[in-house]
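Notes to accompany the following structure.
The values are calculated or read from the model by the stated rules, or taken from the named source; none is laboratory data. Values in this document were obtained by computation on a predicted structure and should not be read as measured data. Every residue, glycine as well, gets a Cβ built from its backbone with ideal geometry; the counts of neighbours run over all protein chains shown. These accessible areas exclude ligands, DNA and RNA; they are computed on the full protein's heavy atoms, side chains included. Shrake-Rupley method; radii C 1.70, N 1.55, O 1.52, S 1.80 Å.
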Amino acid sequence: RRTLSAFRVFSKREEMNGGCAAAGATVQSSASSSSQVETAMIFCAGLGTRLRPLTMDFPKPAVPFFGAPLIRFAMASIRRAGIRNLVVNTHHLPGVMEKTARAEAEAAGFSRISVSHEPVLMDTAGGLRDARRFMEAGPVLVVNGDAFISMDLGSFIRRHASVGASASMAVAPPVPGA
């Protein structure tokens, strides 16, 4: 049985086991970067095919979840970690996703939000590569916008910095029976 990550850089969302994801995070660093993470990227470009018909009207990160767009929970965890700059990629229903992301980012107190639109899906690593024009030099936290998370991303980032890793990935096992 595989361990799944809700926050990934190197695998496709479609490979998730039945759409069920566990919490985790990824930080990528360059060798010369400082340990302070100033920018997070939230992946929001997927098609959300497993949640149809809900995703006919909403991109998956904008689907209402406990009375709020799902992306709100990822943004809250990112802000608690002290990150103020945000990049979001879009593809499916890009106008709805951008409007939702901008409204939620403003409400969460982000200093800057950039939107990277993908006319053609680039998969996970391609989306990150394409969005790098919006990112400063240094570590970047990467989060999937279609996952509910509650982990302490600040602790995760501090651990990443303390070991001097090029990349770190936090994962959790899938929920039993899910």
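Points to keep in mind about this one:
- Residue check, ALA131 over 19 Å from ALA62 (Cα atoms), over 13 Å from the mean Cα position of the chain (by Cα) and among the hydrophobic types (A, V, I, L, M, F, W, C): no
- Set side by side, the residues PHE148, PHE156, PHE110 differ, and just one is open to solvent by 70 Å² or more (accessible area, probe 1.4 Å) and among the aromatic types (Phe, Trp, Tyr), which is PHE148.
- Count - residues of the range 101-125 that are over 19 Å from ILE71 (Cβ atoms) and under 14 Å from the mean Cα position of the chain (by Cα): 2
- Leading residue by the ranking (most open to solvent (accessible area, probe 1.4 Å)) among those in the range 113-145 that are among the charged types (D, E, K, R) and assigned to a loop (DSSP other than H, G, I, E, B): GLU136
- Summed over the range 45-66, the residues that are open to solvent by 10 Å² or more (accessible area, probe 1.4 Å) and not in a loop (DSSP other than H, G, I, E, B) give a count of 8.
- Pairs are defined by a Cβ separation below 7 Å, a sequence spacing of at least 6 or placement on different chains, a first member in the range 119-135 that is over 12 Å from ILE42 (Cα atoms), and a second member that is at pLDDT below 80 and open to solvent by less than 30 Å² (accessible area, probe 1.4 Å); the pairs so defined are ALA125/VAL9.
- MET97, sole failed condition from (1) closer than 22 Å to VAL63 by Cα; (2) out of contact with any Cys (no Cβ under 6 Å at 6 or more places or on another chain): (2)
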